[in-house]
Amino acid sequence: MEVEDLYSKAGVKLLDHYGSLYAGLEAAAKGGAAALVEAGLSKKIARTLEETAKDKIVVKGVTIQGILEITSLEAKGVEDIKGTLLEAKKVAAEHDAVANLYSLGAPKYRIEVTADDYKAAEAALEKVVEFTKDTWANYNGKISYSRS
């Protein structure tokens, strides 16, 4: 497909929906082809632009972190901790953020939350920590959180 054809089919729709081509491509880098289909592009063009956007556009974000200390007195405590932390990652995704969890050596785990801005990152981190504490209250163990 020629550049002129692509611009006439996709560019105008991206400008109308997002206000600029870059904003539309940035949305594709973050949200995938679905963000472009939402703007009225065909799935084929959306997939092509998604690949290019993910390759070429660096999505800016803010990362904040903290330390969770989780102990368990149960026989299958490791599985319980792992399950709780995996569910916590989903909570971050529900709040338009990405959570990464790293073991620092039992019982410490680093949680990093990345979002578009500090306010969103703080809100997502707070929800993740709150979820983790509430979930862990159902287990035989202790949990604490500190900001790093």
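Could you identify the single residue in 73, 14, 86 that is surrounded by fewer than 17 Cβ atoms within 10 Å (Cβ to Cβ) and within 29 Å of residue 118 (Cα to Cα)?
Details: 73 fails: within 29 Å of residue 118 (Cα to Cα); 14 fails: surrounded by fewer than 17 Cβ atoms within 10 Å (Cβ to Cβ).
That would be 86, the only listed residue that is surrounded by fewer than 17 Cβ atoms within 10 Å (Cβ to Cβ) and within 29 Å of residue 118 (Cα to Cα).
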(message) Could you go through segment 12-27 and let me know if any residue there is of a type in the set (Lys, Arg), at pLDDT below 90 and part of a helix (DSSP H, G or I).
(response) yes
(request) Select from segment 103-115 the residues that are over 18 Å from residue 62 (Cβ atoms) and surrounded by fewer than 19 Cβ atoms within 10 Å (Cβ to Cβ) and list them in ascending order. (result) 103, 104, 105, 106, 107, 108
(request) Could you tell me whether any residue of segment 89-99 is surrounded by 13 or more Cβ atoms within 10 Å (Cβ to Cβ), over 24 Å from residue 34 (Cα atoms) and outside the structural domain of residue 28 (by TED's automatic domain parsing)? (result) no
(request) Would you check if there is a residue in segment 52-63 being touching an Asp or Glu at 6+ places or on another chain (Cβ under 7 Å) and either of a type in the set (Ser, Thr, Tyr) or at pLDDT 90 or above (or both)? (result) yes
(request) Six or more apart or on different chains, Cβ under 9 Å: which pairs go from a residue in segment 11-25 that's in the same structural domain as residue 38 (by TED's automatic domain parsing) to one that's at pLDDT below 90 and among the basic types (Lys, Arg)? Could you list them? (result) 24/13; 25/56
(message) Given the criterion on the phi > 0 side of the Ramachandran plot and surrounded by 13 or more Cβ atoms within 10 Å (Cβ to Cβ), identify the matching residue among 32, 66.
(response) 32
(request) Considering only segment 82-126, state which residues are in contact with a Gly (Cβ under 8 Å, 6 or more places away or on another chain) and under 16 Å from residue 143 (Cα atoms). (result) 110, 111, 125
(message) Cβ-Cβ distance below 8 Å, separation of 6 or more or different chains: which pairs start in segment 129-148 with a residue that is more than 14 Å from residue 83 (Cα to Cα) and end on one that is of a type in the set (Ser, Thr, Tyr) and in a strand (DSSP E or B)?
(response) 129/145; 140/72; 141/71; 141/72; 142/71; 143/71
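The values are calculated or read from the model by the stated rules, or taken from the named source; none is laboratory data. Small disclaimer: the values here were computed from a predicted structure and weren't measured. Neighbour counts run over all protein chains shown; Cβ positions are idealised from the backbone, glycine included.
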